[in-house]
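The values are calculated or read from the model by the stated rules, or taken from the named source; none is laboratory data. All values reported here derive from a predicted model rather than from experimental measurement. Note that each Cβ is placed from the backbone with ideal geometry, even for glycine, and that neighbours are counted across all protein chains shown. Please note that ligands, DNA and RNA were not included when accessible areas were found on the heavy atoms of the full protein model with its side chains. Shrake-Rupley method; radii C 1.70, N 1.55, O 1.52, S 1.80 Å.
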Amino acid sequence: MSFSETPHELRVADAVDFLAPKLNPKWQELISGVSVTGVILGSGLGSLAEKIQPQLTIKYGDIPGFASSTASGHRGELIFGTLHGKPVIAMAGRLHRYEGWSNDQVSFPVSVMHALGARRLIASNAAGGLNPNLRVGDIIVLSDHVDWLHQRSASFSSSPKRTGFLRADRPIYRRELIDQALLAARNNSFRAFEGTYLATLGPTYETRAEYRMMRRLGADVVGMSTVPEVLTAASLEMDVLALSVVSNVASPDDAIIADHEEVLQAGDAAAGKLESIVRFVTG
């Protein structure tokens, strides 16, 4: 059967059955009674993976049910290990809708991380700045989003309840984690702001007219990812924190064209800020 024809629970079970025997007893001891954090490292942020003390690193394409990452700057590896002594399951690189994957395929790794013990998700991305007050390298801590990835119902297909609705009493983005991320930025003297993310299909960058429209909609940053993963995590009742690194700032009145290499460089430069937040939140 194809990915879409195989029941979600069976796909998750197949991935877990493949991964669990490869994790040594030390990992099981490490996560016993401890909260495990799932981490998604977006464009240019893969250097943070080098800070993880790995116990198991495996390519997405080798894991049953996982799609392969094809985007530049995404290693496409799942890493089990510790970051500053805290257990993490990290995606070094993510999957995108513009690569041809469905929302379910993009968010499937989150379901697997949850099945393996992750109860918190920290998702990161590199995004274009829409708010004129932003600078390259700023961190936006997401408190809301606008979903332009279409096929909205598919975003929830990984939910065990299959209702298509999230609990009204549980926000997608956890308020306590937002506050902790902003405090970490203040403690480490770098700029971070609470804001709204607008998700588009991509892979094209926005026109100047689109930038103007997105600003009027109230979005602070725009990117091509993150929403399917956080919706799935929220449907699984995981605590969610999402962070955008501002890779460029829109200038609707100037003919400035965004460049993917610029995005990767901005992400790499901001990896230390991201590490500070992850360390503070998981500590």
Tally time: how many residues in region 176-217 are outside any helix (DSSP H, G or I), modelled with pLDDT of 95 or more and not hydroxyl-bearing (Ser, Thr, Tyr)?
9
Filter region 206-240 for residues that are buried (at least 18 other Cβ atoms within 10 Å of the Cβ), under 21 Å from residue 135 (Cα atoms) and small (Gly, Ala, Ser) and give the result.
219, 223, 225
Selection count where residues are open to solvent by 20 Å² or more (accessible area, probe 1.4 Å) and at positive phi, scope region 92-110:
1
Considering region 21-61, residues that are small (Gly, Ala, Ser) and in contact with a helix residue (DSSP H, G or I) (Cβ under 9 Å, 6 or more places away or on another chain), and then whichever is modelled with the lowest pLDDT, we arrive at 44
Considering region 173-192 alone, what residues qualify as being among the hydrophobic types (A, V, I, L, M, F, W, C) and either free of Cβ contacts under 8 Å to residues at least 40 places away in the same chain or touching a strand residue (DSSP E or B) at 6+ places or on another chain (Cβ under 6 Å) (or both)?
177, 178, 181, 182, 185, 192
